[in-house]
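Any read-out appearing in this document is the output of simple, stated calculations on the displayed coordinates, not a laboratory observation. What you are looking at is a predicted structure, and each value in this text was computed from that prediction instead of being measured. Here the Cβ positions follow ideal geometry from the backbone for every residue, glycine too, while neighbour counts run over all protein chains shown.
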Amino acid sequence: MQMPVQLNRTLFQGGFTLPGSVRCGPLGRFPEKVLQFGEGNFLRAFFDWMVDETNERGMFGGHVVVAQPIRTGSADRINEQEGLYTLIARGVEEGKVVETRRVIASISRAINPYEEWDKMTALARSPELRFVVSNTTEAGIVYVEESYVRGCCPASFPAKVTALLFERFQALNEVGPGADRAPSGGLVFLQCELIERNGDKLKEYVHEHAKAWKLGEGFGDWLQSANYFLNTLVDRIVPGYPRAEAASLAAELGYEDQLVDSAEIFHLWVIEGPGHLADELPFHRAGLNVIWTDDMSPYRTRKVRILNGAHTASVLAAYLGGINTVREMMADGLFKRFVRQAVFDEIIPALAMKESEARQYANAVLERFQNPFIKHELLSISLNSVSKWKVRVLPSLLDYLSKTGKIPAALAFSLAALIRFYEGRASGAGLTGEREGEAYPIRDDADVLDFFQSCSRAFEINADAAEMARTILGNESLWGMDLTSLPGLAGAVTRCLQTIHGAGMRKAVESILDTRE
């Protein structure tokens, strides 16, 4: 049996024809306008796909150079395929299952900066370069003290950025580190790391490195005046390489693709920056769900409260109710009603934004939860649920209480479900809970687990749900405030705990839905 040929640009030069179900981005050569730190699944299914779509519409005309942010990465594999890979996007739209397949051609090459720093500096000096995109994970945007040695690759991401900008500053303006004029040729930085104010953080650390390395006032002024470090918010679920389907996909497509990627249909990118930059990167005009704004905080609040909040408010109760994935939860009539009550009756009314916009976004979120191609395990979402509940659910509860004078039933129940989920026994260095005789891991910070373990032991001795609720809600180190000070919350959580322990999780959820006003 003949093996499929490898996907690359040379393949198409030989007359290879794609299956009719697969589109291909423009294979022509464009100027290298973008340096991208991160070669993983997310950026390839998000940013590089957007560039490809915009290139096809003749609105950008630029290629992306990918730099792997750590020493071991996929640069070699990307170069073997000459930047090409297949993206499969699939999900549910307006109740219908949708799937698209596209060969992405927006990447020109990949660089391993630890071995090819000279190629990085050459790109940094290029007048055609304009944008820098990154997804180095939350751990990537940190300040780490290190020395500057010209010609050597720095260790941290902010240090790499500083060194590359200094190369650009000198090359484009033919000045030394002590220059006193503010030259042009700055870059636009677009961070995709999931930290708040990600662009501001990177800018802060780049300035720190510039100061520590004594690169001169002229360089510092240029950093401030000519470069843009934009805060952004990304939203797309990217399962990545579909390992279980790899063999069948290769046979169906007629080529071997080691970099095939998969994502949901939904995508959103909110960029906080001046409008004139949107003209340079016109993703929104290409029909993509990209929003340029001067204030991204309402969009971040919407995502955290609705998408993340719906997850955190529901998954622990659903897991203890015998459900394992988000899709199964939405297919279960009882828990689907619970999620909808939490979102539409309690979270959205507490949001300070247009209800129509919030409801439209919420409907899209719940449709995403039903995506048959994504197996999102509830236990994976349960990681660090205490801090997640504090950030994602508590603000909605507080705002609802402030607006109505009432405790929101579903959100209060989610706190009781969290307490029940965290009832566990010590197991090695962690804590283990039990669902119908089946053990499950409880994963959180050590001090959180220690606290809940002590509460669980106390509950085993006297089974006093009211005392347990008061103890946990009163722990300010967990929630940032004493939750027993909120009128009615401790009583509501106590009643929920009593029902959960006495009748089981599903009956307890039913009682909340049956008694809602």
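Do the conditions hold for residue 265, that is, is it in a loop (DSSP other than H, G, I, E, B), in contact with an Asp or Glu (Cβ under 7 Å, 6 or more places away or on another chain) and either within 25 Å of residue 497 (Cα to Cα) or touching a residue at least 12 places away in the same chain (Cβ under 8 Å) (or both)?
Criteria met by residue 265.
Condition check ((1) out of contact with any Phe, Trp or Tyr (no Cβ under 7 Å at 6 or more places or on another chain); (2) small (Gly, Ala, Ser)) across all residues:
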site: 284; (1), (2): no, no
site: 300; (1), (2): yes, no
site: 303; (1), (2): yes, no
site: 326; (1), (2): no, no
site: 331; (1), (2): yes, yes
site: 335; (1), (2): yes, no
site: 343; (1), (2): yes, no
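Mind checking which residues of region 52-70 are touching a residue at least 60 places away in the same chain (Cβ under 8 Å), in a helix (DSSP H, G or I) and buried (at least 22 other Cβ atoms within 10 Å of the Cβ)?
54
Under 6 Å between Cβ atoms, at least 6 apart or on separate chains: pull out the pairs that start in region 355-372 with a residue that is more than 16 Å from residue 300 (Cα to Cα) and end on any residue that is part of a loop (DSSP other than H, G, I, E, B).
As it stands, the answer is 368/266; 371/264, since those pairs meet every condition given.
Given the structure, is residue 472 closer than 19 Å to residue 388 by Cβ and touching a Cys at 6+ places or on another chain (Cβ under 7 Å)?
yes
Quick one: in region 277-303, which of the residues that are polar (S, T, N, Q) and surrounded by 15 or more Cβ atoms within 10 Å (Cβ to Cβ) is nearest to the chain's Cα centre (by Cα)?
301
Name the one entry in 241, 299 that is in contact with a strand residue (DSSP E or B) (Cβ under 8 Å, 6 or more places away or on another chain), not hydrophobic (A, V, I, L, M, F, W, C) and not in a helix (DSSP H, G or I).
Selected residue: 241, the only one of 241, 299 that is in contact with a strand residue (DSSP E or B) (Cβ under 8 Å, 6 or more places away or on another chain), not hydrophobic (A, V, I, L, M, F, W, C) and not in a helix (DSSP H, G or I).
Go through (1) surrounded by fewer than 21 Cβ atoms within 10 Å (Cβ to Cβ); (2) of a type outside the set (Lys, Arg); (3) over 24 Å from the mean Cα position of the chain (by Cα) one by one and return the number of the condition residue 88 breaks.
(3)
Can you spot a residue in region 102-109 that is farther than 30 Å from residue 374 by Cβ, in a loop (DSSP other than H, G, I, E, B), among the small types (Gly, Ala, Ser) and touching a residue at least 12 places away in the same chain (Cβ under 8 Å)?
Looking for residues that are farther than 30 Å from residue 374 by Cβ, in a loop (DSSP other than H, G, I, E, B), among the small types (Gly, Ala, Ser) and touching a residue at least 12 places away in the same chain (Cβ under 8 Å), one finds none in region 102-109, hence no.
Give me the pairs, please: first residue somewhere in region 191-207 and outside any helix (DSSP H, G or I), second residue anywhere and of a type in the set (Lys, Arg), beta-carbon distance under 7 Å, and either six or more positions apart or on two chains.
Every condition considered, the pairs that remain are 195/201.
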